[in-house]
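The structure appears below as structure tokens.
Readers should treat all values here as calculations from the given coordinates under stated rules, not as data from a laboratory. None of the values given here were measured: they were computed from a predicted structure. Here the Cβ positions follow ideal geometry from the backbone for every residue, glycine too, while neighbour counts run over all protein chains shown.
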Amino acid sequence: MFGNIFEKKIYILYYIIYLINSFFYNILNFILIDKFSANHSAISRIFENFGIFIINSASQDIPIDYNFGIRIIMYILLIIASFIFNEFLVINICGLANNTKLFLESKEIKDFSLMDDNNENEDIPEGIVVDNNDIYFVQLNNNNINNNEEMATEMADFSPK
């Protein structure tokens, strides 16, 4: 069987080119999955198959009938559905966009700004620094706090309102 496959030297060159092509294809697919997600890999596969279909239909004599139209419509639906699933396309109808990453990040920014406004109005005991919603405990000089018990009572008095 291998003798028939490698009978002509051009077939050996074809297999070497195929191996190199497959290597780079798989490496790029792994990089895509590593940097983004497996869902993005699915989008790339949809585009790959759609491109192969378009190239084959342009290069070969494929009759344009209802099967051709159905395949085009199915590819377009797959692309739109994967864009919606991966939140590239956000539809803001009937509250569909409420729990998307974009709107959750905007809610998070609003919440943090409200927390900053509330933190400015509260009495924060000495030794506690609030910066960008992170709380740091600072070691004060011996003049301000004599021992750890006073620090503990000050911290106990600090309660969110």
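Given (1) exposed (fewer than 12 other Cβ atoms within 10 Å of the Cβ); (2) within 23 Å of Leu78 (Cα to Cα), where does Asn21 come up short, assuming only one miss?
(2)
As an exercise: evaluate Ser37 against (1) surrounded by fewer than 11 Cβ atoms within 10 Å (Cβ to Cβ); (2) under 14 Å from the mean Cα position of the chain (by Cα) and give the number of the one condition it does not meet.
It fails just one condition, (1).
Whether any residue in the stretch 72-89 is outside any helix (DSSP H, G or I), within 27 Å of Asn26 (Cβ to Cβ) and not acidic (Asp, Glu) is what I want to check.
Scanning the stretch 72-89, I find at least one residue that is outside any helix (DSSP H, G or I), within 27 Å of Asn26 (Cβ to Cβ) and not acidic (Asp, Glu), so the answer is yes.
How many residues are under 30 Å from Phe85 (Cα atoms) and not in a helix (DSSP H, G or I) if we restrict to the stretch 1-45?
Qualifying residue count for the region: 2.
Select, from Ile64, Ile73, the only residue that is surrounded by 10 or more Cβ atoms within 10 Å (Cβ to Cβ) and either in contact with an Asp or Glu (Cβ under 8 Å, 6 or more places away or on another chain) or not hydroxyl-bearing (Ser, Thr, Tyr) (or both).
On the way: Ile64 fails: surrounded by 10 or more Cβ atoms within 10 Å (Cβ to Cβ).
Unique residue meeting the criteria: Ile73.
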